[in-house]
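Contents: one structure, followed by commentary.
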Amino acid sequence: MNYIEQLNAFYTMLDYNALSSNAIALYNYLLHIAYTLDCINEFSVANITLMSKLRLTIKELQNARNELINKKYISYKKGRNQNIAPKYQIVNNNQFTNAEKGQPQRQADGQAESKAKGQANGMPEGYIITILYLLFNYINNRENEIFFKDISESQRQGIRILLKKFNVLIESPNVIQYLDEQRILKTQIQYYVVKELYFSPYKVILEKLTKEEFNLKFLKTEKYVDLENESINKFINYFTKTLKEKVDKGFNNNENS
C-alpha cells in the first residue's frame, strides 16, 4: 500500500463523498495502522484502542465507523467476543476515485507524493493537517516514527530543545486535553515551521531567536492571516517568511557592524 497515494486519493474523494471530522480522524488512524503493519488485507484493532487514541466515546466510534463503511472507505467485520478484536480493511481509494470520477490513473499519480517532511506549499488542506498531526505526535513522544525515518533521534531532540526555548513544546500529554482545537493547530504549525527551518540554511537563526521574537512573529502572522477563514498553507508560508526576514536582517546588521 502506498500511503501517500492512498491519503491523497482519500482527500480527493472527500470533495464529493464527504465525511464528519470523527470519521476522517478514524480513517487516518486506520490507514496509519495498515501502513505500519504493511497490511494489504485485514488487520485487527480493538475498539478501546481507537477510542483512546481518538478520544471518542463508543457511540462516536460506531457512528464514525458506520460512515466509513456506508461510503465504502473501509470494510469491517465485528469481533466475536472480548478476545477477538474487530477486523478492518482499507478500500483502495485510487481505484474507487478513478471509477467514480472517470479520472485517468495518471491524474491520481500526478498528485503530491512528498514525504512527511516535505514543504507545505501546494499541499491539499486535509493533507497538511494530517502531516501536522503526525509530526506533532512524533516530536512529542515518537509516535508515527515510521513516517520520519529521515529524522534521527538526535535531530528530534534538537528540535524539541528549540521548541522548549520558544516555550511552545508540550512536554506532558495531559496538557493537550485542556487545549481547544485552534490552540492545538497553532502549536502544530509552530512545530512544523521549526522543523522545516531546522533542516534549512536558516537553522542558525533558530538558535539566535529569543522566545519573545519568535512569539512576536507568530502574533504578527495571526494578525495578517486569519486561520479560521484562510488556508493553513498560507499561514505557514507567511510565518516562515517573517522568520526568514528576521534572519536576513540580522545577518545584514552583523555584516555592517
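The values are calculated or read from the model by the stated rules, or taken from the named source; none is laboratory data. Nothing here was measured: the structure is a model prediction, and the numbers come from that model. Reconstructed Cβ throughout: ideal geometry from the backbone, glycine too, with neighbour counts over all protein chains shown.
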- Task: Output the number of the condition that residue 76 fails; it satisfies all remaining conditions of (1) surrounded by fewer than 18 Cβ atoms within 10 Å (Cβ to Cβ); (2) in contact (Cβ under 8 Å) with a residue 24 or more places away in the chain; (3) among the aromatic types (Phe, Trp, Tyr).
- Result: (2)
- Consider only pairs whose beta carbons are under 7 Å apart and that are at least six residues apart or on different chains; among these, list those whose first residue lies in the stretch 13-37 and is among the β-branched types (Val, Ile, Thr) and whose second residue is surrounded by 15 or more Cβ atoms within 10 Å (Cβ to Cβ). 33/43; 33/45
- Hey, does the stretch 130-139 have a residue that's surrounded by fewer than 13 Cβ atoms within 10 Å (Cβ to Cβ) and not assigned by TED's automatic domain parsing to the domain that holds residue 29? no
- For the stretch 56-90, enumerate the residues that are closer than 23 Å to residue 174 by Cα and either of a type in the set (A, V, I, L, M) or out of contact with any helix residue (DSSP H, G or I) (no Cβ under 9 Å at 6 or more places or on another chain) (or both). 56, 58, 61
- Message: Being in the same structural domain as residue 135 (by TED's automatic domain parsing) and closer than 22 Å to residue 130 by Cβ is the requirement here; does residue 195 meet it?
- Response: yes
- Can you confirm whether the stretch 30-40 contains a residue that is farther than 21 Å from residue 84 by Cα, part of a helix (DSSP H, G or I) and small (Gly, Ala, Ser)? no
- Being aliphatic (A, V, I, L, M) and at pLDDT 90 or above is the filter here, so list the residues in the stretch 136-167 that pass it. 139, 151, 159, 161, 162, 163
